[in-house]
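Input: a single structure, listed below in structure tokens.
Derivation of every value follows stated rules applied to the coordinates shown; laboratory data play no part. Everything numeric here is computed off the predicted structure, so don't read it as measured data. Because the Cβ atoms are built from the backbone with ideal geometry, glycine has one as well, and the counts that use them run over all protein chains shown.
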Amino acid sequence: MYRVIGYFKGHKVVKYFDDRFDAIDFKDIVDANYPLQVTFEKGVYPVQTFIVNSWNTIMDHKMNPLSKIPDLGVRHVVMQFLAWMWCIIFSMSLGSITVFGVSAVAHALLIAGVVITVGTFETARRKPLYFGGLGRGNGGEHE
């Protein structure tokens, strides 16, 4: 991770890059605008990026190890089982079966919502005409 900071009279510009050459190009662009100072740092990793990457590593169906499973439905079921396992672990650590019920329902709803959203987005990306029959017909009337 690279960070480029350009210090100007009334403000500063900060941008993060994964690619070294993109960071160098941005540094050149900042230099062209006559800053007071420009810094180029390697190995800087903002906490927000770490949190987003950690979330995506677990929850993004394209990044986690479950991405090797070709069927989206099977991936969904496996994620549900993992969620229930964690519900059991947390409820046992708190010593309450009530916590398990609330946690299991919350995890099931959360994961189901994510899977339905991802499935809808994938359908829209791959088969956009699938949604073409909704609403009014070609002549403006309901079908």
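Brief remarks on what is shown
- Rounded to the nearest 500, the helix-only mean residue ellipticity at 222 nm of the chain stands at -18500 deg cm²/dmol, with each DSSP H run of n ≥ 4 adding -39,500 (n - 2.57).
- Rounded to whole numbers, the Karplus 3J(HN,Hα) couplings from phi for the stretch 85-95 are 4, 5, 4, 5, 4, 5, 5, 5, 5, 8, x Hz, using 6.51 cos²θ - 1.76 cosθ + 1.60 with θ = phi - 60°, and x at Gly and Pro.
- Fully extended contour minus Cα-Cα distance, from residue 47 to residue 117, at 0.36 nm per residue: 22.5 nm
- By the beta-carbon count within 10 Å of each Cβ, the least crowded to most crowded order of 111, 97, fewest first, is 97, 111.
- Each other residue within a Cβ distance under 14 Å of residue 36 adds +1 if Lys or Arg and -1 if Asp or Glu, for a net charge of +1.
- Those lysines that a straight Cα-Cα span of less than 29 Å connects to residue 68, excepting residues fewer than 8 apart in one chain: 127
- Proximal lysines relative to residue 42, as straight alpha-carbon distance under 19 Å, when same-chain residues fewer than 8 apart are discounted: 12, 15, 27
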